[in-house]
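I have placed the structure first, in the form of structure tokens, so that the comments after it can refer back to it.
Laboratory data are not the source of any read-out in this text; all were calculated from the coordinates shown. Everything numeric here is computed off the predicted structure, so don't read it as measured data. Counting neighbours? That spans all protein chains shown, and the Cβs are built from the backbone with ideal geometry, glycine included.
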Amino acid sequence: MRIAVAGAGRIGTMHAANLATLEEFDEVVLYDPAPGRARDVAASLGGTVTATDDLGALIESCDGLVVATPTGSHAELVRAAITTGTPVLCEKPLAASLAEMRELVPEIEASGVPVVVGFHRRFDPATVELYRRLHSGEAGTVYHVRAVCNDAEPPAREFIAGSGGLFRDCLIHDLDVIPWLLGEPVVEVYASGSVLVDEAFADIGDWDNVVATLRFASGAHALLSASRHDPAGYDCRMELFGSRDTLAVGMDARTPLTSLEPDGPRVRPNAYQGFQERYRPAYIHEMLTFAAIAAGEVDNPSPARDSLRSLELAEACEQSVHTGLPVRVGQPAPV
Ligand SMILES: NC(=O)c1ccc[n+]([C@@H]2O[C@H](COP(=O)([O-])OP(=O)(O)OC[C@H]3O[C@@H](n4cnc5c(N)ncnc54)[C@H](O)[C@@H]3O)[C@@H](O)[C@H]2O)c1
């Protein structure tokens, strides 16, 4: 498969490096409008990775496009790809606003071209196993979920302004994956946010520490938190409390957590420092699944329509922080 990667920044470079290790992809071609960037990244990766300056010709000639550009450009690139019938894996979020996404999703569905949204946790082996145990009934009725998503270090100041904010940039992964795991709608959110790390977040009306409560139609709850700074490392994990079992994702020998109990876990020198290493198996599985989807062999586990739900929840969280009130979303009403 000849695969194109648009955007040779943080995640585009990571995807290209991962793709270059997989025999399913014969050629990986990078495009980036920043002068020389795609060529430099291709040279540093070597092997099957090359670069081009002609994005239009690349989209028409490749077997699949990975969109790894800033969020504001996603809709335009996805449209360009589906117009030529090219399958797309688009980084999250699919579009910058709910209004834009409401226009784009019907266009994608009408085209019949596969568009996979890069919510990598849907491809993460431990999360997929949690999905299986929930949907087989092994975990029983869900009582509540707790989720943590902490970056080790805050992003560069230049990134903050274009990030979309902590709910859309970061917590959106939990807002996507938890309703997917539970298989039921959220009916109400309540959220709160603070600036404790860097006033640069306040300057753009964002927060660097947030919490959110989701109430599901069944009455189950999820308690979510995210921070732009965790001195112990990159900490992304989830605990699920059900009537038959209590299960965790993201608890392993590299989890950046120190228990004060004598036999509890300790932070180790190789604690996770970023999403690239914490979720490497998920990103690899994501690309292999994309190849299978493009070949028509498997169903799409992260379709465009589901992205409407997570962005709606992110916007509801922001509204809740601003008003200090819970926000009702979707139907039916809470029990
Ligand atoms: N799934 C995840 O875990 C994850 C993690 C990080 C970022 N992301 C998402 O990936 C996207 C990119 O984030 P990033 O951190 O890599 O950003 P980045 O700023 O590091 O890189 C973006 C790159 O895209 C290039 N670019 C800009 N406009 C372009 C265009 N029209 N066509 C092609 N290239 C273009 C820029 O020159 C830059 O090199 C964002 O939407 C972000 O939300 C997802």
Estimated D of the chain in µm² per second, where Rh is the Kirkwood radius over Cα pairs and Stokes-Einstein applies at 20 °C, 1.002 mPa s = 104
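For the range 2-113, rounded, prolate or oblate, judged on the Cα gyration tensor with a ≥ b ≥ c (square roots of eigenvalues), a/c < 1.5 rounded, else prolate if a/b > b/c?
Values: a/c = 2.04, a/b = 1.63, b/c = 1.25.
It is prolate, given that a/c is not under 1.5 and a/b is the larger ratio.
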Pop a pseudo-label 7 angstrom from the Cα along the beta-carbon direction at both ASP299 and LEU223 and give the gap in nm to one decimal.
-> 3.4
Integer Hz, Karplus 6.51/-1.76/1.60 couplings in order for the range 142-151, x for Gly and Pro = 7, 8, 7, 10, 10, 9, 10, 9, 10, 6
Of all DSSP beta bridges with both partners in the range 2-113, the antiparallel percent, nearest 5, is 0
Determine the distance separating the Cα centre of the range 78-135 from the Cα centre of the range 17-42; give it in Å without decimals.
-> 21
How many angstrom lie between the C-alpha centres of the range 244-296 and the range 155-205?
-> 20
Where the only charges are on Cβ atoms (+1 Lys, Arg; -1 Asp, Glu), what is the dipole of the chain about its Cα centre, to the nearest 20 debye?
-> 640
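Rounded if a/c is under 1.5, else prolate if a/b is larger than b/c, else oblate: which is the range 208-327, with a ≥ b ≥ c the root eigenvalues of its Cα gyration tensor? Please report the intermediate quantities before stating the final value.
On the way: a/c = 1.65, a/b = 1.08, b/c = 1.53.
Oblate, because a/c is 1.5 or more while a/b does not exceed b/c.
Cut-off is 10 Å between beta-carbons; in what order do VAL66, VAL5 appear when sorted fewest neighbours first?
VAL66, VAL5
Helix-derived [θ] at 222 nm for the chain: sum -39500 (n - 2.57) over DSSP H runs of at least 4, divide by residue count, nearest 500?
Details: 12 runs with 123 residues, N = 335.
Taking each H run of at least 4 residues, the total per residue is -11000 deg cm²/dmol.
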Residues whose modelled amide H sits under 5 Å from the amide H of ALA51, counting only those 5 or more places away in sequence or on another chain, are LEU30
Pop out the ³J(HN,Hα) list for the range 256-262 in order, Karplus 6.51 cos²θ - 1.76 cosθ + 1.60 with θ = phi - 60°, rounded to Hz; leave Gly and Pro as x.
-> x, 8, 10, 7, 8, 7, x
Quick one: what are the phi-derived ³J(HN,Hα) couplings along the range 183-197, Karplus 6.51/-1.76/1.60 with θ = phi - 60°, whole Hz, x for glycine and proline?
-> x, 8, x, 7, 10, 7, 10, 9, 9, 9, x, 9, 10, 10, 9
